[in-house]
Ligand SMILES: CC(=O)SCCNC(=O)CCNC(=O)[C@H](O)C(C)(C)COP(=O)(O)OP(=O)(O)OC[C@H]1O[C@@H](n2cnc3c(N)ncnc32)[C@H](O)[C@@H]1OP(=O)(O)O
Ligand SMILES: O=CC(=O)O
Ligand SMILES: [Mg+2]
């Protein structure tokens, strides 16, 4: 018999033997789990679940590869001076008379939705929060370490079973679900991210197929009984750039429905419109998903990030300070108005964007001022015709609920009452109008401080953090990263605060040094030493100064959080 040493260090550790006792996952042919073994995780990673994920991977991997190649090809066109626009070959879809399937009763009213990573306490708080929907986020708000991912699935399963509890030892407080809870949506990762702890046929699995597959197989039956009134499960789909990517999701849903023996159109999804190319595909995306759609959402933080990426080769499109790129910019307002018009024409929800403010607990005056800004933004959304909106923190729910109710009254949504016919004429010029505003040294400093702190948190497994009274997640931090890259590349002039200096490597180097010192002062010496600030600084600096812009900072950062077991196996 092989020694413990020999068996534990075998390259395929899906099944690890300790003496004669099996301590590994029971995997189907071609599947290799390289994440840590845990008996609790094995209840999620059942043989059936892994077979289902492997089947999805095998059926769709070439479609995904093709879609990712098309993204590269489009990027090349934009980098040669092109801009995204409406596709003449799909005019018949934009102008055709068709509707999405009727909205299920269970999710007709979505006036306030709360989001958050599926941590145990957070899920309970969010489901009990009084919001209509909780979007459990495996994407912008989650650092997708193996531990986080597996625990998220355990927590989601327990939430849907209604058995989830959490004991806060420090406060001796027990958390459990109320009788009335929010409806649960799950957001899997974007198409571009691999899941490097699960290999299928020798390749890392596609992250979102793992997220979808494990969640669906475990929960579809219970979800439809307890949450969806016969429909579901419900999803949010992030970061798509083209309707061909929506078609893959539609096919995945059909495949899953067939597998589960449930009616076609049971699964429903809201697509985040959060890339610049996707705003020219609103109809096409809804059309592909028309039997599975519950609308579109303005993912405005990623949208700004995507704007920066898409126009990266165009020095005349330098973005002003991040804080100035709000919904008052013509291109942002046009995006939201066109989205509302399109969704309502096709009979589905047009969801608003995330309020990044979070309560300021130690300063009532500042808190009230911040809440006023949120109310103003939400009033704009409700009046424009959005059917609901996003908040990141339960403290914002009552105000946002009040604002939407003041406009919608007892109606569950505005799908049939706010057609926004006026927005039907919005064209490429409106959607691509150059943003106005100024660049400042303080903007450069803030981007640097926020970007480094966010990455430092992400590397230690925290995907969403409060920084300077705002939430910072992957989408928001990406804006900071790409903005610095753009300012460096084109030597942007920081004239907004009277300094009149040009951004160059020297200035950025000094800012990084000074902001690292400030971070150390703010978080304290002890936390700074123990944290991942130096690693984050190195990574962030590399990303900002790269000669070729990285598509996503989380792709590089992911290499730091992948831990293969047995420890020491190569990661990708
Ligand atoms: C661009 C986008 O993609 S947006 C979508 C992705 N981003 C998100 O989902 C952000 C979600 N929000 C969060 O993660 C958090 O609100 C943070 C990290 C920003 C701030 O969290 P904290 O510092 O814990 O906030 P705070 O201390 O004020 O929390 C107070 C209470 O509210 C709870 N809480 C805070 N945010 C949430 C939330 N989103 N959902 C549920 N409960 C929450 C806390 O757990 C805490 O509960 P307790 O009193 O029972 O202990
Ligand atoms: O996911 C939401 C966003 O704004 O990005
Ligand atoms: Mg996003």
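Quick look at the values:
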| quantity | calculated |
| --- | --- |
| Helix-only CD estimate at 222 nm, as mean residue ellipticity for the chain, using -39500 (n - 2.57) per DSSP H run (n ≥ 4) | -14500 deg cm²/dmol |
| Inter-probe distance in nm under a simple model that places probes 7 Å from Cα toward Cβ, at residue 538 and residue 510 | 2.6 |
| By average C-beta atoms within 10 angstrom, highest first, the peptides 308-316, 523-531 | 308-316, 523-531 |
| Inter-label distance for residue 368 and residue 69, nm, one decimal - labels placed 7 Å from Cα along Cα-to-Cβ | 6.1 |
| Taking 479, 198 and counting other C-beta atoms within 10 Å, the order from fewest to most | 479, 198 |
| Length released on extending from residue 555 to residue 98, taking residue separation times 0.36 nm less the Cα-Cα span | 160.7 nm |
| With 5 Å bins from 0: P(r) over region 293-334, alpha-carbon pairs, percent | 5, 19, 28, 26, 12, 5, 3, 1 |
| Ascending count of other beta-carbon atoms within 10 Å, so fewest first, for 214, 373 | 373, 214 |
| At R0 = 22 Å, FRET efficiency that the Cβ-Cβ distance of residue 406 and residue 108 yields, to 0.05 | 0.70 |
| Simple label model, 7 Å out from Cα along Cβ direction - residue 26 to residue 545, nm | 5.4 |
| Per-q log10 I(q)/I(0), region 50-432, q = 0.14, 0.15 Å⁻¹ (Debye; single scatterer per alpha-carbon; no solvent) | -1.30, -1.50 |
| Within the chain, percent of DSSP bridges classed antiparallel, to nearest 5 | 40 |
| Cα-based equivalent ellipsoid of region 439-558: semi-axis lengths in Å, sorted from largest, via gyration tensor | 22, 17, 13 |
| Evaluated over region 266-377, the Cα radius of gyration and Dmax, each in Å | 16.3, 48 |
| Length-normalised contact order of region 254-331 in % [C-alpha pairs under 8 Å, at least 6 apart] | 29 |
| Computed E for residue 180/residue 470 - FRET, C-beta separation, R0 30 angstrom, nearest 0.05 | 0.50 |
| R0 of 45 Å, Cβ-Cβ distance residue 62-residue 490: FRET efficiency to nearest 0.05 | 0.75 |
| Sorted by Cβ density within 10 Å, fewest first, the residues 487, 458 | 487, 458 |
| Among 297-306, 188-197, 461-470, the order from most to least packed when residues are scored by Cβ within 10 Å on average | 297-306, 188-197, 461-470 |
| Gain on full stretching of the segment that runs from residue 383 to residue 163 - 0.36 nm per residue minus C-alpha separation | 75.3 nm |
| Gain on full stretching of the segment that runs from residue 314 to residue 221 - 0.36 nm per residue minus C-alpha separation | 28.5 nm |
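No value in this document is a laboratory result; all are computed from the given coordinates. These numbers were taken from a predicted model, which means no experiment stands behind them. A quick note on method: Cβ atoms are made from the backbone with ideal geometry, for glycine too, and the neighbour counts reach across all protein chains shown.
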